[in-house]
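Novice: Shown below is the structure under consideration.
The values are calculated or read from the model by the stated rules, or taken from the named source; none is laboratory data. Fair warning: this is a prediction, and the values are worked out from it, not measured in the lab. Using ideal geometry, Cβ is built from the backbone for each residue, glycine included, and neighbour counts are taken over all protein chains shown.
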Amino acid sequence: MGRENPLSRLPSLTRILAHPSVEPLLARHGREVVKKAAHSVLDSWRDRVRRGGELPGEDTLMERVVEQVRVQVSQLEKAGPVRVINATGVVIHTNLGRAPLPERAVRKIAEVASGYSNLEYDLTEGKRGSRMAHVEELLREISGAEAGLVVNNNAAALLLLLSTFARGKEVVISRGELVEIGGSFRIPDIMAESGASLVEVGTTNRTRISDYERAVTDLTALFMKVHRSNFTLSGFTEEVSLRDLVALGEKYSIPVVYDMGSGAIFDTARFGVPGEEGLRRAVETGVSLVTFSGDKLLGGPQAGFVVGKKEFIDEMKRHPLARAVRIDKLCLAGVSALLSLYRDERVALSEIPVLRFLSEDPDSLRKRARRIARQAKEKVVHLSVTVVSDVAECGGGALPGVKLPTWCVALSSESTDAGEIAKMMREGDPPIVGRVKEDLFLIDLRSVFPEEDSLVLKRILECDGGAFE
């Protein structure tokens, strides 16, 4: 007799659809949807057998097939983004949604989303109001500026600013500050769209105050300074301070604008991370306007802020483009809740996830990693689980060059490379996105919420139990 074809051991489509655990799926999603998922699962098992993989026992195989069908069908209810565990060690990960929101902001968004709100209604006067009224006083209090406004992102803030004050005129900027932000979006491109003309001064590595002064003409509308938030210049360098540029602007009655970029409210050195001066320090130079992002070091939803002198803010509010780039009610709700946390530095550091992640003590990360590894080692069979030290980073175009000491749970296997382990961890529920380094899959706890540690352990055990049979 010939050997049994292992493919014949796979359950039939009819048996799968008749399984008691599949009946609720049929009732909820319909037969065709479930059939398509079952076909896909069976195809994956056939591919595994053809590559030399073995099948588990009949009962176990059926259980796993049915579970995989359930998982595939359940993906239909997860259209759009899903929550993932960010184990990359990049705290503000652009591809993973940048800043996770504080709980207070999440509650505020849910409250506003679930019904009507006073978005543009003055409850005291009983008449139409302004959506900016919900954040203006907070922005003044936090920044020390005369006025402020918020739009849908920092690129929009810059576009509105330049369109308001520099259309058909010239903006002077150092060559060393012509940065490119995410998605190949460049400062010169924003200027071109606004109708402003770019005037570059200095060299890539050295710009002096005299370079700005020589560039002044009757068409000069603004001096602009851009914070190099996503790269560093070192070596033979020189740049003009914001304070000196403001003094030059006062001499020629030319407003100075500062694109601060990443939006640190506090000097980051105050919570143990070098590299970023706070917003209030910039405002104190007398600069006309400062722009910054909401979803980077500020730690909130995507938004773009402008703070500065009231006469300039008021003019921006009146510009026709202001309506096109205005912030929506849900982001506004999140922003207002976030800004309220900054009234007290201690509260902000404890409740804003980005600030907590950046300031967390490495020893705390090591203890968490050891606890997860110890619990995993008691149950894993195929995976090797160790604890390693490494360095993490802020990410999101903020704190370039700053390395954060961190601790990771490291997974490896003699039979599977780290890239395959990374893939399996990404494909689970919840997905875990980590990084591969030197044949290890690293789960960096610098960017993992402590309350997610149990889920990390669960996923390690699932990966060990489901992928190496």
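Novice: Residues THR237, THR207, THR217: which one is modelled with pLDDT under 90 and of a type outside the set (A, V, I, L, M, F, W, C)?
Specialist: THR237 is the lone residue from the list that is modelled with pLDDT under 90 and of a type outside the set (A, V, I, L, M, F, W, C).
Novice: Follow-up. I need a count of the residues in the range 343-355 that are among the acidic types (Asp, Glu) and either at pLDDT below 95 or part of a loop (DSSP other than H, G, I, E, B) (or both).
Specialist: 2
Novice: Regarding the range 35-57, can at least one residue be identified that is farther than 18 Å from GLN72 by Cα, touching a residue at least 60 places away in the same chain (Cβ under 8 Å), exposed (fewer than 11 other Cβ atoms within 10 Å of the Cβ) and out of contact with any helix residue (DSSP H, G or I) (no Cβ under 6 Å at 6 or more places or on another chain)?
Specialist: yes
Novice: Which of the residues spanning the range 356-397 are in a strand (DSSP E or B) and aliphatic (A, V, I, L, M)?
Specialist: VAL385, VAL387, VAL388, VAL391, ALA392
Novice: Can you give me the number of residues within the range 198-215 that are surrounded by fewer than 14 Cβ atoms within 10 Å (Cβ to Cβ) and either not assigned by TED's automatic domain parsing to the domain that holds LEU245 or not in a helix (DSSP H, G or I) (or both)?
Specialist: 1
Novice: Assess whether SER340 counts as being modelled with pLDDT of 95 or more and either closer than 21 Å to PRO274 by Cα or not in a helix (DSSP H, G or I) (or both).
Specialist: no
Novice: Just checking, how many residues over the range 113-143 are surrounded by fewer than 12 Cβ atoms within 10 Å (Cβ to Cβ) and over 28 Å from the mean Cα position of the chain (by Cα)?
Specialist: So the count comes out to 7.
Novice: Would you mind stating whether GLY195 is surrounded by fewer than 17 Cβ atoms within 10 Å (Cβ to Cβ), small (Gly, Ala, Ser) and closer than 30 Å to THR406 by Cα?
Specialist: Taking the combined requirement at face value, the residue does not satisfy it.
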